[in-house]
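Accompanying notes for the structure given below.
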Amino acid sequence: MERPPILYVSPYQELPAHKWASKTVELIQAHPLQPTEIVEVALQAWSSIFESSIGGLHIGTDLFPTPQIMGDFLHALIPHEFSRRYPGKWRKEQEASEKDLVCIHRPEYSTEIKTSSHPRNIYGNRSYAQPDQGTGKKGKSGYYIAVNFAKFQDARAKPKIVRIRCGWLDHIDWIPQKSATGQQASLSAESRGSKLIELYPNKSQLLK
């Protein structure tokens, strides 16, 4: 049976925008996973993709997957590595009501993982811009790890991780496409700049 999602009260409620960044740092510092380890695991996951083969063909040498597939690999590998490092404490999503990376004993620290081949933006589906309804689907408010990576341009150069960020997002931070048929949502520039703190390549001075 699916459990209803935990509904969070936004930590930014009634907080002026100029104080968002410091609140985000406070939230990251409270998270059980250290920023340095988040970076380490994301980079390790990316490297492991290029050490893999499918049917004897190597990614980056024989196979050049689309950005969507590369993002799917990261999406699967990052939670897997944390569950391997911390069995009984962290695991990957098992139910529709759960975040991608589940903190077993402290669900409030469970974390969504977003990946994108855009150099800065991340995207969600249109539902991310809607309030949580308690319908058994995962809540959209909470912690996020965002990883941006480069696309394959040619067979001569292995693409790299461009940016790794961490923070907290609420449904009001997402802007749905204006088109009635649009199914995508992106972050507002203000939220992207203040509610996601860069951990890589330039770690925020506030986290040092």
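The values are calculated or read from the model by the stated rules, or taken from the named source; none is laboratory data. None of these values were measured; they are calculated from a predicted model. Ideal geometry is used to build each Cβ from the backbone, glycine not excepted, and the neighbour counts take in all protein chains shown.
Quick rundown of the values:
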| quantity | calculated |
| --- | --- |
| The stretch 151-208 - residue that is charged (D, E, K, R) and modelled with pLDDT under 85 and, of those, nearest to the chain's Cα centre (by Cα) | K203 |
| Odd one out for P32 among (1) touching a helix residue (DSSP H, G or I) at 6+ places or on another chain (Cβ under 6 Å); (2) in contact (Cβ under 8 Å) with a residue 60 or more places away in the chain; (3) surrounded by 17 or more Cβ atoms within 10 Å (Cβ to Cβ); (4) over 18 Å from Y200 (Cα atoms) | (3) |
| Test: residue in the stretch 72-82 that is surrounded by fewer than 17 Cβ atoms within 10 Å (Cβ to Cβ) and not in a helix (DSSP H, G or I) | no |
| Subset of the stretch 99-109 [out of contact with any helix residue (DSSP H, G or I) (no Cβ under 6 Å at 6 or more places or on another chain), over 12 Å from G167 (Cα atoms) and in contact (Cβ under 8 Å) with a residue 40 or more places away in the chain] | K99, R106, P107, E108 |
| Residue within the stretch 50-65 that is of a type in the set (D, E, K, R), within 19 Å of the chain's Cα centre (by Cα) and exposed (fewer than 15 other Cβ atoms within 10 Å of the Cβ) present | no |
